[in-house]
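No lab work stands behind these numbers, since they all come straight from the coordinates. Here the structure is a predicted model, which means the values were calculated and not measured. Quick reminder, even Gly has a Cβ in these numbers, built from the backbone with ideal geometry, and neighbours come from all protein chains shown.
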Amino acid sequence: MAETRPFRLLAEAIAQLRHGDAALPREHQAAALVMLADATALLSAGAQQPARRGGLAPWQMQRLTRYIDSHLQDALAIAMLAEIARLSPAHFCRAFKVSFGRTPHGYVLHRRLECAQRLMLTTDAPLAQIAVDCGLFDQAHLSRVFRRSTGTTPNAWRRQHRRPAATVKAIASLSKNQAAMQAA
């Protein structure tokens with residue numbers, strides 16, 4: 001029962017955000033959803049989930065998630081990811097999709113876009129630098145995949161969800177705390 005409490009609280013917070021809670025300004029809702037997604041990932045990493053038939057074992061999923069998140073800026077080859085999971089590349093791709101619901105490429109691209117969104121909200125860095133920092137080839141690559149995913153350009157998304165400077169600093173320190181918790 002105690003293990004379900006964080007998930008219940010998280011579900012309530014997400015429901016409030018999706019229904020446009022008046023206590024949270026509209027321009028901050030998207031950023032809050034990004035942070036809640038990070039919190040969900042952290043909580044899920046700690047929960048023991050049974051392996052699905054044909055999927056990856058929990059230790060493989062945790063190892064891969066940590067590796068991918070710490071190497072987003074690098075080229076991530078299927079062979080290297082398969083080696084980390086100690087599987088053949090073909091079996092790895094099938095098991096990865098069963099476990100994560102996406103192909104390895106789709107999952108990595110999704111994590112890179114989340115990284116780009118976080119950096120757009122918390123820094124004043126140019127989009128070209130954000131693209132490179134998140135492992136995308138250049139700003140054009142970021143714009144193409146971002147528009148395909150969200151329906152808007154990165155610059156338009158950033159303008160729409162931009163925060164005052166004081167809030168940006170608070171979020172940046174919060175992200176550092178999350179990273180420290182994840183490392184522990």
Expressed in nanometres to one decimal, the distance between label points 7 Å along Cα→Cβ at S149 and Q73 is 1.8 nm
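At R0 = 45 Å, how high is the FRET efficiency between A128 and S88 if r is their beta carbon distance? Nearest 0.05 is fine. Working shown, then result.
Working: r = 38 Å, r/R0 = 0.83.
E between A128 and S88, to the nearest 0.05, is 0.75.
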